[in-house]
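The values are calculated or read from the model by the stated rules, or taken from the named source; none is laboratory data. Nothing here was measured: the structure is a model prediction, and the numbers come from that model. We place every Cβ from the backbone using ideal geometry, glycine too, and count neighbours over all the protein chains shown.
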Amino acid sequence: MLQNRYSRRKFLKRNTQAGLAVSLGKVSMMLAGCRQDFGKPAVLGGTPVRSKRWPDWPVWDRATDEHELLKVLRSGVWSRASVVADFEKRWAETVGSKRCLAVVNGTNALIASLVQLGIGGGDEVLVPPYTFIATVIAILQTGAMPVFVDTDLETFQMDATKIEDKLSPRTKAILPVHILGLPCDMGRIIGIAQSHDLMVVEDACQGWLAEINGKKVGTFGHAGCFSFQNSKNLAIGEGGAIVSDDDEFMDRCYSYHNYGNPYGALVGEVGSGTVIAGTKLRLTEYQAAIGLAQLKRLEAQTATRNINAGYLRSLIKDIPGIVPYKLYPDVTRAAFHLFAFRYMKEAFQGLSKANFLQALRAEGIPCSGGYAPLNKMPYLSHAFRSKNFQKMYPKELLDFNAYLERNQCPENDLLCQEQAVWIPQNTLLGTKSDMEDIACAIEKIHKQAGELMEKL
Ligand SMILES: *Cc1c(COP(=O)(O)O)cnc(C)c1O
């Protein structure tokens, strides 16, 4: 009892100081127009800042999308044909690429691109640790070894200034990722790749319509790879694409995705049959029909996400301890697959990131702590123990402890474990007032951090 009363007084004192700082500091919440009597934290039984639903994902239109899908069904042509070809043509036009090949998913778009650029056993591929697992397993599937380049905390992207330290005689490619839908430092990455004669495969699996100096991401490297999985900004359920201006490479990709059968320049000797050792990665006509329908909405949705992300950023950027994503200066548009900011617990009376997320969720704001570090997970040592790796690399390179040592990414550890907070893309399809709810919830937690610290 005594203990409780004491802590409560301590809390009141701290909270009053925090309140004073808010009113003196012209904190951004004046903009958001939050009520300043927030009541109890929702996580401790108070009323949430937000109880309304968020925009649903995915979205579709009964009248148009269902019609297109049924048309495919009723045609009886379900395997790859004209609808897939139409989707490829539209996607190539949309990103400003000469060619596009639709494939089963983004993971296999990456694998096919790497394999057809000649990446394989014994090679090293530079990759950021701050990405979805698919980026790294794509490298392993080719037999190549991922080499991790640490993350730039401000942008959440691969830190291009650290690439050259990681080069070795085995380095054959860079696999930059436009993570969160924010373009990475492509200018610098392409420059390094050119001066060291490296291939570049862009993982644009979160980068639909993002741009650097008006040029779409996915069109800077030798190949760009996209994903259309259900959660993605262009959602088909499953699906992926490779884009490139290189006809010969795209012909090889086509052949590879179709059992290795002849295609385009890959005619082989007439009558000699299958020309390369391919696989089967074809998209279905149903998927392409949904893709075409979704594509009609992508531009407007991307514009809305950009406007809302910019507004939300302006609302939260002055809250102490909240540091929103930063874009590189040459970025002209982002895709905002996620809205990300860094959380500094020091400005929240030491409240842990996990407790901050719990409190924010309780206030009705969907959020997550994002990726875990990919440069130190068991899948890597599993690959190193495989027959192929054992045959392709000298023992020293497969020593897992030495690998972990060489691939440390301290900035990324900090980002993953302590700082990164994500808000999913569908929330950015809401209204200005929805963004204000997010900002007010963060402001409320900031104000009540002392109480949360004591009671959570
Ligand atoms: C989703 C994603 C992938 C993989 O795409 P799938 O279609 O799920 O196979 C690869 N890289 C990144 C960055 C992704 O977000």
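A few notes on this one:
- Test: residue in segment 277-292 that is in contact with a Gly (Cβ under 7 Å, 6 or more places away or on another chain), surrounded by fewer than 18 Cβ atoms within 10 Å (Cβ to Cβ), among the hydrophobic types (A, V, I, L, M, F, W, C) and more than 21 Å from SER97 (Cβ to Cβ): yes
- Pick from segment 209-262, criterion aliphatic (A, V, I, L, M) and more than 16 Å from the ligand (Cβ to nearest atom), ranking: surrounded by the most Cβ atoms within 10 Å (Cβ to Cβ): MET250
- Taking each residue of segment 198-214 that is in contact (Cβ under 8 Å) with a residue 24 or more places away in the chain and more than 19 Å from HIS337 (Cα to Cα) and looking for partners that are buried (at least 21 other Cβ atoms within 10 Å of the Cβ) and aromatic (Phe, Trp, Tyr) with beta-carbon atoms closer than 6 Å, six or more apart or interchain, yields nothing.
- Going through (1) farther than 17 Å from ILE438 by Cα; (2) touching a residue at least 60 places away in the same chain (Cβ under 8 Å); (3) not assigned by TED's automatic domain parsing to the domain that holds ASP86 one by one, GLU285 falls short only on (3).
- Total residues in segment 361-406 satisfying the condition of being part of a loop (DSSP other than H, G, I, E, B) and closer than 17 Å to ILE133 by Cα: the figure is 6.
- Of the criteria (1) within 15 Å of the ligand (Cβ to nearest atom); (2) touching a Gly at 6+ places or on another chain (Cβ under 6 Å), which one LEU140 fails: (2)
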